[in-house]
Structures are given as structure tokens and as C-alpha cells.
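The values are calculated or read from the model by the stated rules, or taken from the named source; none is laboratory data. All figures in this text were calculated on a predicted structure; none of them were measured in a lab. With ideal geometry, Cβ positions are generated from the backbone for all residues, glycine too; neighbour counts draw on all protein chains shown. Please note that ligands, DNA and RNA were not included when accessible areas were found on the heavy atoms of the full protein model with its side chains. Shrake-Rupley method; radii C 1.70, N 1.55, O 1.52, S 1.80 Å.
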Amino acid sequence: MLLAVGVCFALALIAPLAHRALGRWTGPVLALVPAGVFAFLLQRLPRLGSAADGAPGSVLETWAWVPDWGIALSFRLDGLSLLFALLITGIGTLVFAYSGAYMHK
């Protein structure tokens, strides 16, 4: 999950440079990133099924950011956050794909 968030932030940074290189094809090409994150999140769906005790499951990923101070970057993915992440990346894919045709001038 940390990689998916990092890739989306990187996309925001390289979008202006990609527009200079790709021109009118920038939107469809950059739409591949949120589409890939959408597919990545769909793969997490089975892991969020019911746990052994019948409670809904969740996925927790933690990265020790400043281990000496006990500071970590953590992401928890449960059913509701997965729903919103899928909505955001799905609609984002469509917006990127459409933006190339809409803003061709």
C-alpha cells in the first residue's frame, strides 16, 4: 500500500514533464497509473474477507520511518477504506483518460 501511495505522489510530480514529452497522449498514458493502483487494490479484496473469529479483516502495513524515535508510517486497509480507494482510483483513471481529449489545445 505504501508503494501505491508513493507512486501516486510521484505521478503528480512528473505529470508536467510527461505533458511536455507526450503532448496530447499524456492523459491516456498517465491513466495507466491509477488503473494499476485500482488493480492492486482489487487484489487486496480477498485478504479483507472474514477473519477466523467472524470479524471483518483488515490489512496493516507499517514502515519504520524514524526507528530511533519509534515513529512509523502505517496504512490500514479495511472494507470502507478499500471502497473509497477503489472509487478514487477508478474515477481518477477515467478523468485522466478523458483529460487528454478534453484539453488537447
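If the elastic network links every pair of Cα atoms under 10 Å, which of ALA18, ALA72, ALA85 fluctuates the most in the Gaussian network model of the chain? In the Gaussian network model the winner is ALA72. Phi-derived couplings, Karplus 6.51 cos²θ - 1.76 cosθ + 1.60 at θ = phi - 60°, listed residue by residue for the stretch 80-90: 5, 5, 5, 4, 5, 5, 5, 4, 5, 6, x Hz, with x used for Gly and Pro.
Computed with a 1.4 Å probe over protein heavy atoms only, the accessible surface of the chain comes to 72 Å² per residue. Peptides 76-82, 63-69, 27-33 ranked from most to least packed give 27-33, 76-82, 63-69, packing being the mean of other C-beta atoms within 10 angstrom over each peptide's residues.
Normalised size of the stretch 1-96, defined as Cα radius of gyration per 2.2 N^0.38 Å with N residues, equals 1.31.
What is the percent carbon and sulfur in the accessible area of the chain, measuring with a 1.4 Å probe over the protein chains and ignoring ligands?
Working: 5400 of 7550 Å².
About 72 percent, which is the carbon plus sulfur part of the accessible surface.
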